[in-house]
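FYI, it's all coordinate maths here, none of it is from the lab. Computed from a predicted model, the values in this text were never measured in an experiment. Every residue, glycine as well, gets a Cβ built from its backbone with ideal geometry; the counts of neighbours run over all protein chains shown.
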Amino acid sequence: MLRGLIPLLLILMIEIYSFQAVKTIVKSKWVIGIYVLVSLFIIAYIAYFMFTHDRGNGQNKQSLFTIGLLLITILPKVVLTIVLFGEDVFRFFEGIVVHFMGDNDGGKFLPARRKFVSQVALGIAAIPFASLLYGMTIGKYNFKVIKQTLFFPDLPEDFEGTTITHISDIHSGSFDNIEKIQYAIDLINEQNSDMLLFTGDIVNTHAKEMHPWVDTFKGIHQPKFGKYSVLGNHDYGEYFKWDSDTEKEDNFNAIKDLHRQIDFKLLLNENLKIKKGNSEVVIVGVENWGKHFKKVGDLAKASEGLTKEDFKILLSHDPSHWDAEVQHDDKHYQLTLSGHTHGFQFGIEIPGWLKWSPVQYVYKQWAGLYDNLGRYVYVNRGFGFHAYPGRVGIMPEITVIELKKSKTTV
């Protein structure tokens, strides 16, 4: 009972403060009335969804819309509440001073709210509102091609200059714009890379989510070294209440078959060698291994027959795997490609100056390139989106990595 009462009281406080900010600035009763009606409607809709939605059914377009509506409504009001609460603290102490000085005009203990403070509060609140609105309308499909050149002393000479396009976290069940997705596929094809690697989460939960998009993703050109993929945590159907284990297994098998349908070779704790001239590199693919999520990845099994001297590119969906196991493994995995974090789909990135997101307090490696003693992990920011139906500051990513041979030794 208490657990439910506290959020209710917080929401009530937020709504009261927000109403006060609007009332201080707006004098038209019609405008204030419309504000109240819209606020009540949104609260009623969100409450209805929360009480009727079964979380075991996984993410769908309605849940994505509702989460977006909740964030774009609540966060600006939280800002208003913080500013006006700060003003109330000041008003309280001001009231004490005035009371004891005997200069209490009109007999009111608290001085009237200052219109200027409410104006400032609304101006500040407009920033998260505009940012979230941008993220939900434009940001979620604002695909960025990020290029990275990596140097390895043990790269086979025949693979000097080899290029890799890396994508991750498609989350096809969240898409709602065929033209934007086709634009992203065209961007991938424009890179004309030597191989394409995908590091998991092709759907949110169900294989059927990808069915409308199979032909679109099948349009990705076949590079000369092929297209390879692994599974992510969402591909196992763990976030849904299945009627039976058989139904869950059938969905899992259908998800695995999606990779074949879009012409990707799915690696399930296994490896394959790519040859060029007298040289070869190895693509190693593990199933999902996450510190906070499902652990079915088996690095030892995936690397059977390999040695430290083999040049290996490891596909592992969750970067916590690299942090916990891969970077210290005796087999020396030169390059690991991951995704999973989405960069939280919210943060600030100013190249060369600032890179911040709340997700960095959960994952040490959360976006971009990290290394340890010549072993690299690149964490892709994700192709799609999940939960919050947008992106603010952390844009959907298509990574292009060029492999170069350095003259130094490890």
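To the nearest 10 degrees, how steep is helix 29-52 against the longest Cα principal axis of the chain, on a 0 to 90 scale?
Relative to the chain, helix 29-52 is tipped by roughly 50 degrees.
Suppose R0 equals 45 Å. What FRET efficiency, 1/(1 + (r/R0)^6) with r the Cβ-Cβ distance, do residue 353 and residue 256 give to the nearest 0.05? Before the final figure, lay out each step's value.
Details: r = 42 Å, r/R0 = 0.93.
It comes out at approximately 0.60.
Please give the contour-minus-distance gain from residue 28 to residue 124: 0.36 nm per residue of separation, less the Cα-Cα distance, rounded to one decimal in nm. Can you show the working numbers first?
Numbers: separation 96, 0.36 × 96 = 34.56 nm, distance 2.23 nm.
This chain segment gains 32.3 nm when fully extended.
Quick one: 284, 38, 83, 296, fewest Cβ neighbours within 10 Å first, how do they rank?
Taking fewest neighbouring Cβ atoms as first place, the list is 38, 296, 83, 284.
Can you tell me the FRET efficiency between residue 222 and residue 88 if r is taken as the Cβ-Cβ distance and R0 is 60 Å, rounded to the nearest 0.05? Could you put the intermediate results ahead of the total?
On the way: r = 64 Å, r/R0 = 1.06.
For R0 = 60 Å, the calculated efficiency reads 0.40.
Specify which residue in the list 285, 230, 383 is farthest towards the positive end of the charge dipole of the range 142-405, using unit charges on the beta carbon of Lys, Arg (+1) and Asp, Glu (-1), about the Cα centre.
After comparing all options, I get 383.
Just rank 313, 202, 220, fewest to most, by other beta-carbon atoms within 10 angstrom. Write down the numbers at each step before the final one.
Numbers: 313 25, 202 29, 220 20.
Ranking 313, 202, 220 by Cβ neighbours within 10 Å, fewest first, gives 220, 313, 202.
Toward the positive end of the charge dipole of the range 142-405, about the Cα centre and with charges on Cβ (Lys, Arg +1; Asp, Glu -1), which of 351, 259, 369 goes farthest?
The listed residue farthest towards the positive side: 351.
Taking the alpha-carbon centroid of each part, what is the distance from the range 274-312 to the range 150-180 in angstrom?
Cα centres, the range 274-312 to the range 150-180: 16 Å.
Using only the alpha-carbon atoms, how far is helix 245-261 inclined from the longest principal axis of the chain? Give it as 0 to 90 degrees, nearest 10.
With both axes taken from Cα atoms, the answer is about 70 degrees.
By counting other Cβ atoms within 10 Å of each Cβ, how are 93, 311 ranked from fewest to most? Display every interim value, and only then the final one.
On the way: 93 10, 311 20.
Lowest count first: 93, 311.
Grab the other residues whose beta carbon is less than 10 angstrom from that of residue 366, score K and R as +1, D and E as -1, and report the net.
On the way: positive: 355, 364, 381; negative: none.
It works out to a net charge of +3.
Just how large is the dipole of the range 2-137 about the Cα centre, in debye to the nearest 20, putting +1 at every Lys and Arg Cβ and -1 at every Asp and Glu Cβ?
So the magnitude is around 280 debye.
How high is the FRET efficiency from residue 35 to residue 373, r the C-beta distance, R0 60 Å, rounded to 0.05?
Plugging the Cβ-Cβ distance into 1/(1 + (r/R0)^6) gives 0.55.
Using a cut-off of 14 Å between beta-carbons, work out the net charge of the residues near residue 83 (Lys and Arg +1, Asp and Glu -1, residue 83 not included). Could the numbers behind the result be given before it?
Details: positive: 77, 91, 113, 114, 115; negative: 87, 88.
Once all neighbours under 14 Å are counted, the net charge is +3.
Want the number for residue 114 to residue 62: 0.36 nm per residue separation, take away the alpha-carbon distance, what's left? If you can, show how the numbers build up before the last one.
Working: separation 52, 0.36 × 52 = 18.72 nm, distance 4.00 nm.
Stretched out fully, the residue 114 to residue 62 stretch lengthens by 14.7 nm.
How far is helix 178-190 tilted off the main Cα axis of the chain, in degrees rounded to 10, range 0 to 90?
Taking the Cα atoms of the chain, the angle to 178-190 is about 40 degrees.
In debye, nearest 20, what is the charge dipole magnitude of the chain about its Cα centre with +1 on Lys and Arg Cβ and -1 on Asp and Glu Cβ, if you could check?
Values: 43 positive and 45 negative charges, 272 e Å.
The calculated dipole for the chain is roughly 1300 debye.
Along the charge dipole of the chain, which of 64, 171, 42 sits closest to the positive end, that is, farthest toward it, with unit charges on the beta carbon of Lys, Arg, Asp and Glu (+1, +1, -1, -1)?
My answer, from the dipole projection, is 42.
Multiply the residue separation of residue 406 and residue 52 by 0.36 nm, subtract the distance between their alpha-carbon atoms, and state the gained length in nm to one decimal. Let's see the in-between values first.
Numbers: separation 354, 0.36 × 354 = 127.44 nm, distance 5.87 nm.
Computed gain between residue 406 and residue 52 is 121.6 nm.
Given points 7 Å out from each Cα along the Cα-Cβ axis, report the residue 148 to residue 330 separation in nanometres with one decimal.
2.8
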